[in-house]
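The values are calculated or read from the model by the stated rules, or taken from the named source; none is laboratory data. It should be emphasised that the depicted structure is a prediction, and the values quoted were computed from it without experimental measurement. Neighbour counts run over all protein chains shown; Cβ positions are idealised from the backbone, glycine included. In case anyone asks, the SASA skips ligands and DNA or RNA and just uses the protein heavy atoms, side chains included. Shrake-Rupley method; radii C 1.70, N 1.55, O 1.52, S 1.80 Å.
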Amino acid sequence: QDEEKWDFVLVSNIHKVGSEKEIKRKKFLDELSKKGFAIKKIEDKKLFYGVRAPKQIFRKYQWLLRNPDSRLQNCDVHHDIPVTTRIRIVNFILQNTITPDLEKLDELIKKKVFEATFPLHEKEEVREFLKEKWFHWRDIFCEQRIEKIRCYFGEKVALYFAWLGWYTYLLGIAAVAGLVVFMAGITVFNSSQVSKEICEASNIIMCPLCDQKCPFWLLSDTCTYARVTHMIDNEGTVLFAMFMAIWATVFLELWKRKRANVVTDWDLYRWDEEEVRMAGGPQAGVEHMPSMHSFSPPHRPPPQIAVLIGIAHALIIYRVIATALFTQSNFEFLREQANTMAVMTGAVLHYITIVIMTKVNRHMALYLCDLEKPRTFSQRENNFTVKIFTFQFFTNFSSLIYIAFFLGRINGHPGNYVRIAGKWRLEECHPSGCITDLFIQMAIIMLLKQTISNVMEYLIPWIAHKLRKKQQRPKKRSMILGEEEEEAEDPCKRQWLSNYQLKEVNIFSLFDEFLEMVIQYSFTTIFVAAFPLAPLLAFFNNLFEIRLDAIKMMRLHQRMVPRKANDIGIWLQVLEAVGILAVIGNGLVIAITSDFIPVQVYKYTYSPCMMENSTSVDCSTGYINHSLSVFRIQDLEPYTKLSETLPGFLSNEIKEYRDYRNADDYSYTVQFWHIFAARLAFLILFEHVALCVKLIAAWYIPDVPQSVKNQFLDRKHSNLRKDLRWVMPWKVPG
């Protein structure tokens, strides 16, 4: 039975006899034969070559590493070493086998000598267990079988699912907290004094929202929007932002502890990748010297970032033009909700750019990595990770950064608006505040990413698999009947064909899953002050994501080449950087985007509560009038065309707008500078407190549990005693 187990399958087109490609293929297969590989050929529409490494290769590997897999995980009792280790060694040999023409397998694939190479999904006991207990939708709330995942896919994949499961588990706590804050906001939907004043402001006439025939409007028209804004923008938001900063730190510190427990159980706590890489060298017939760490100047990616910033500007221009067009629409609803419609359609357009630029960013990051020529795969992976995350961060968050920190703050004021191309004036925040615009933008992008993207992520490989399966049905050939029947009865043919029809994987297949989750983690933490439901959406998404990834890896994708690892690599540093950005981002959202600081400054400086005998009055009473500035209509720019829609309209009346400016020369008032100073003070205080709490939490929670340290020392002591028995058996007590 073991004789029919094949480690890898190489796939090639049927080349003409004597052609250059056919000769190169034969030379490569001959090199494998010289190393003792068994090779089996099956012909269909393609040529399939099954390869099986000789046992002495694995014995030599174990001896070179002093049998690091001695503590086997009972994955397959029919093998001396785990199947994952066997596949990894064979892959290393295949990738480093050199033909007489000095060509390796990857070069032969580029030259179309071989089309594909992959290990096989086999009917192993562990695979059947995973199919039964892991990747069914009924197991969505069940604990993952990490040890079994390791046995089949290797440590790298197992650590990904361990991290994703742990992230999802702790995300449940953040989701509950965010839901409580959101529900608390709903309970005060009608009780906010600020919202009441807006709803009752039926005599406050506001300046037009556009230049071309936009009407003057009443502040009370935004009553519902104001109530929704207060539902998001309240005191609970500040507490939740602080909570999420602490949560991000605690999550990472607890993950470090869990990771230490997991890899200690695998006997990989102090595993050395370089040592394993060198041990594989003699098996491939190549000499592997240690990678000397030399400085090579990294290729900076300013052109790509410039492109991404340019796309962000294009989205801004779209929103400006869309707002102008919606305000001139023949539909009353579009005219009245021009700002909101511009935000929503802009969010959809932003999502489309994310989908497109993700592919562009990948090619650019790979190109830059090729220019750097890293010496090892780990260096290449780390360089690629930093570049692609940087590109993706700008792609995903450029529009959000604009809405949060620039929208409505660089657009000027009535009579002196900032314009694009001297024509379209920059858009303003909704009169009730910018934080609801940010809420809408985040909600749309997250919902689209977690619905359409996940559906396509599953459907595309599924449809491709069905199409390839249909196309690869056995082709009838005019052969002797006996030979045809003999080929049809080959037990390997069906298995090799079915594996070939699955979606091809590469060394970055798992990377894509990590990137998707880290970007989601960034959405969940960086602007969570504006969207407290982000952890809840992420939590439900991840419950499905785990099963989707399991189904893809088990049923729709070819088997990944297992990779050994004892951590999640540079992703941990990326997550820590996101945690710091979350503190800065949320501090800026509360200080700049939210109305929290202006309201607090009013309460404790200008409100009726600062007067005597005013204890029964709500301290925010009068805030709306205080936050409005007046404007003389005769100072409007010549480009503006008014629409006289309000009864009793007079051209010399004074209208109002949201800002802190003097009535005579439109310069900033003293109140503006008071609020500016308060915003800056709050930002510094919030970030220092949050960072201090993060540092205390990181210090208080050790990365490695004491039990792991003790276990490691016990194992080291036990190994030392065994070595002493070999050297001085008469002196070591039993």
Looking at segment 215-253 only, could you name the residues that are over 40 Å from the mean Cα position of the chain (by Cα) and surrounded by fewer than 21 Cβ atoms within 10 Å (Cβ to Cβ)? Pro215, Phe216, Trp217, Leu218, Ser220
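Per-residue answers, yes or no, for (1) surrounded by 14 or more Cβ atoms within 10 Å (Cβ to Cβ); (2) modelled with pLDDT under 85:
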| residue | (1), (2) |
| --- | --- |
| Met442 | yes, no |
| Asn454 | yes, yes |
| Tyr458 | yes, yes |
| Pro461 | yes, yes |
| Pro491 | no, yes |
Considering only segment 16-34, I want to know if a residue exists there that is modelled with pLDDT under 90 and part of a helix (DSSP H, G or I). no
What are the residues in segment 678-717 that are under 23 Å from Tyr604 (Cβ atoms) and free of Cβ contacts under 8 Å to residues at least 40 places away in the same chain, if any? Ala681, Ile684, Leu685, His688
Please find, within segment 621-648, the residue that is surrounded by the most Cβ atoms within 10 Å (Cβ to Cβ) out of those that are among the hydroxyl-bearing types (Ser, Thr, Tyr) and either modelled with pLDDT of 75 or more or part of a loop (DSSP other than H, G, I, E, B) (or both). Tyr623
Looking for something open to solvent by less than 30 Å² (accessible area, probe 1.4 Å), closer than 30 Å to Asp665 by Cα and modelled with pLDDT of 85 or more - is there at least one such residue anywhere in segment 375-395? no
Find all pairs meeting these conditions: Cβ atoms under 7 angstrom apart; at least six residues apart or on different chains; first residue within segment 236-247 and under 15 Å from His688 (Cβ atoms); second residue open to solvent by less than 10 Å² (accessible area, probe 1.4 Å) and among the acidic types (Asp, Glu). none
Looking at Ile87, is it among the β-branched types (Val, Ile, Thr), surrounded by 19 or more Cβ atoms within 10 Å (Cβ to Cβ) and either touching a His at 6+ places or on another chain (Cβ under 8 Å) or at pLDDT 90 or above (or both)? yes
Could you list, in sequence order, the residues of segment 681-705 that are at pLDDT 85 or above and either within 16 Å of Phe243 (Cβ to Cβ) or in contact with a His (Cβ under 7 Å, 6 or more places away or on another chain) (or both)? Phe686, Glu687, Val689, Ala690, Leu691, Cys692, Val693, Ile696
Matching entry among Ala697, Ala681 (being of a type in the set (Gly, Ala, Ser) and within 17 Å of Asn586 (Cα to Cα)): Ala681
Out of the residues in segment 539-583 meeting the condition of being of a type in the set (S, T, N, Q) and in a helix (DSSP H, G or I), tell me which one is most open to solvent (accessible area, probe 1.4 Å). Gln573
Every residue from segment 654-678 that is loosely packed, with under 14 Cβ neighbours inside 10 Å and acidic (Asp, Glu): Asp664, Asp665
Any idea which of (1) part of a helix (DSSP H, G or I); (2) closer than 18 Å to Ile81 by Cβ; (3) open to solvent by 10 Å² or more (accessible area, probe 1.4 Å) is the one Ala158 doesn't satisfy? (3)
